[in-house]
């Protein structure tokens, strides 16, 4: 029993050091997910009195089976498997997920749960309009309308929106149509980890909303 407890404690300490090592290499949300999900795996190993790090392929197989009861999606379970693999590789430990028994467990899981993941419903123009009408007339409301319009126009993630800086905004003037539109520079995204950046163009409504926020906030 003491040996099993010692294994859990060592795994927890090693996990903390691993998360500290990878700061800056992964997004903060990814690192938080690593910690939360692997801690859940540590608890599972504690309940079954086995080592979480390094762990045996049979432990991973049984863990997959325990997650395949219908409470979790196949996408979630695949994410867990990648996590276990990554934590082992980062610590130069043998990857248990490559074992044939683990691969068989994954095949069984997919046959049971399928590979389908429900797509989150998109925000339509009608829904956007209702959200805009729910904002206030104060400075916060002006900001929220700018966020909603820019998010709708660009499909940016939350983290990408809050990272937007004033110097990432440029004005384009159309002499033929006598109007302007704004463009924002997406300096980094999930699909652009090397920060090459790209320009995204806003609609007229999005441009007006963002311009209103810049003026009201004195930016």
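The values are calculated or read from the model by the stated rules, or taken from the named source; none is laboratory data. Since this is a predicted model, take the numbers as computed values, not measurements. Every residue, glycine among them, receives a Cβ derived from its backbone with ideal geometry; neighbour counts consider all protein chains shown.
Worth a mention:
- Matching residues in region 45-68 - criterion: being without any contact (Cβ under 8 Å) to a residue 24 or more places away in the chain, more than 21 Å from residue 113 (Cα to Cα) and in a helix (DSSP H, G or I): 47
- Residue among 132, 148, 182 that alone is at pLDDT 90 or above and either surrounded by fewer than 17 Cβ atoms within 10 Å (Cβ to Cβ) or part of a strand (DSSP E or B) (or both): 132
- Any hit, region 111-125, residues being outside any loop (DSSP other than H, G, I, E, B), in contact (Cβ under 8 Å) with a residue 40 or more places away in the chain and surrounded by 11 or more Cβ atoms within 10 Å (Cβ to Cβ): yes
- The single residue among 14, 53, 19 that is out of contact with any strand residue (DSSP E or B) (no Cβ under 6 Å at 6 or more places or on another chain), outside the structural domain of residue 159 (by TED's automatic domain parsing), surrounded by 14 or more Cβ atoms within 10 Å (Cβ to Cβ) and closer than 30 Å to residue 160 by Cβ turns out to be 19.
- When we screen 85, 61 for residues that are surrounded by fewer than 17 Cβ atoms within 10 Å (Cβ to Cβ) and modelled with pLDDT of 90 or more, the only hit is 85.
- Residues of region 152-169 classified as surrounded by fewer than 18 Cβ atoms within 10 Å (Cβ to Cβ) and assigned to a helix (DSSP H, G or I), total: 7
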